[in-house]
Amino acid sequence: MRILLSITTLAFFFSISLVTAQNATFTLPKLNYAYNELEPNIDAQTMEIHHSKHHQAYVTNLNKALSGTKAATLTLEDVVLTAGRRSDAVRNNAGGHYNHSLFWEILSPKAQKAPTGALLMAIEKQFVSLDSLKKLMNQAASTRFGSGWAWLIVTPDKKLQVCSSPNQDNPIMDVSKERGIPIVGIDVWEHAYYLKYQNKRGDYLTAIWNVLDWGTVGQKYEAALSSPLLLRIEKDTWTALKDFHTVMAQTFHPAEEGNLKPLRERSAEMLAKATLLQTAPIPASFNKAEIKKAIGDLVKGATDLDKTVRKKGKDDVLLKKITALHDTFHIIQGLCEE
Ligand code: MN
């Protein structure tokens, strides 16, 4: 008992120091070029204010908004991916930090003017030519009302897609309609162009391509194709799995604490969600025999659980059955991460 206590105490202090050590303190990334080096396409004053004031403010406000919260230990990718579960301050500033970090990286005074290799092949296959892709991007950027971003993304099915998002949202976020990993982002907030181009967003959009480095974008394309983040986004778009998870969480956790009421009220709903999971299309990366078998087990377990509820089964019997069902669900979750 004494040994157990001291281990617990140690673990407690260890976890505190770990949390403190990992507390997110995001920092402003340095640019690989001087503020005046993107002239005349982007003027030095715009670059300086954009980087040292606007981007710095997103970083400062993100650190402030995360401080002391559970999300403070998450990586930037995790925060962005789960933006819908965060406060507006975290969502906006995490997006602002992520988006601008990408933006600075893909700009260069010595920009490679056209894509090569795998990226070039993908662009020609999907958009016919670089020019038609640029046209689509400019259209997305100029029709984005108010502030936002235009994107070229790699989707979970490993295709390229052009889209746009409002404010500081981006396609990694669970709140976005179009999902994927951005490899090009064009900032269409007025702060990105107003000093030089005033209201002429179109002129800024023409100039930006002169400093967009397709070499870096090509590297980002290849990295995105094999990124674990892409798999996480794909899993996140599996609505039937998410819906089942919600009912499972809302019935299993009270049951663990001795409250079987939510389970007794919602066992039929849980069975319906399990059945839907079995019949709805499975995202390509997860359409595997082991996962389908585990979903089959889930339907069997949910059927049995619902039957037991309807027969007014005892609490301990129900708890045992939902614990087993919860285990089966976690087998599916685990298989999705392999
Ligand atoms: Mn900006």
- [ ] Assess whether Val90 counts as being modelled with pLDDT of 95 or more and crowded, with 17+ Cβ neighbours inside 10 Å.
- [x] yes
- [ ] Taking Tyr193 as meeting all but one of (1) surrounded by fewer than 17 Cβ atoms within 10 Å (Cβ to Cβ); (2) within 16 Å of the ligand (Cβ to nearest atom), write down the number of the exception.
- [x] (1)
Task: Those residues of the range 172-192 which are under 10 Å from the mean Cα position of the chain (by Cα) and in a helix (DSSP H, G or I), in sequence order - done: none
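Can you name every residue in the range 252-292 that is assigned to a helix (DSSP H, G or I) and of a type in the set (A, V, I, L, M)?
Taking the range 252-292 first, the residues assigned to a helix (DSSP H, G or I) are 252-256, 261-279, 284-286, 289-292.
Residues satisfying the conditions are Ala255, Leu263, Ala268, Met270, Leu271, Ala272, Ala274, Leu276, Leu277, Ala284, Ala289, Ile291.
Considering Asn41, Asn36, Asn63, which residue is within 17 Å of Val211 (Cα to Cα) and away from the ligand (no atom under 16 Å from the Cβ)?
After applying the criteria, what remains is Asn36.
I'd like the residue in the range 93-114 that is away from the ligand (no atom under 16 Å from the Cβ) and of a type in the set (A, V, I, L, M) and, out of all such residues, is surrounded by the fewest Cβ atoms within 10 Å (Cβ to Cβ). Reasoning before the result, please.
So in the range 93-114, the residues away from the ligand (no atom under 16 Å from the Cβ) come out as 108-114.
Filter once more, so that each one left must be of a type in the set (A, V, I, L, M): 111, 114.
Details: Ala111: 19, Ala114: 12.
Per the stated criteria, the residue is Ala114.
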Open item on the list: Tally up the residues in the range 150-192 that are touching a His at 6+ places or on another chain (Cβ under 6 Å) and either β-branched (Val, Ile, Thr) or not assigned by TED's automatic domain parsing to the domain that holds Thr46 (or both), please.
Closed with: 0
Task: Yes/no for Val184 being surrounded by fewer than 21 Cβ atoms within 10 Å (Cβ to Cβ) and either within 13 Å of the ligand (Cβ to nearest atom) or touching a residue at least 60 places away in the same chain (Cβ under 8 Å) (or both) - done: no
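The values are calculated or read from the model by the stated rules, or taken from the named source; none is laboratory data. What you see is a predicted model; the values in this text were computed from it and never measured. Heads up, the Cβs are rebuilt from the backbone with ideal geometry, glycines too, and the neighbour counts pull from every protein chain shown.
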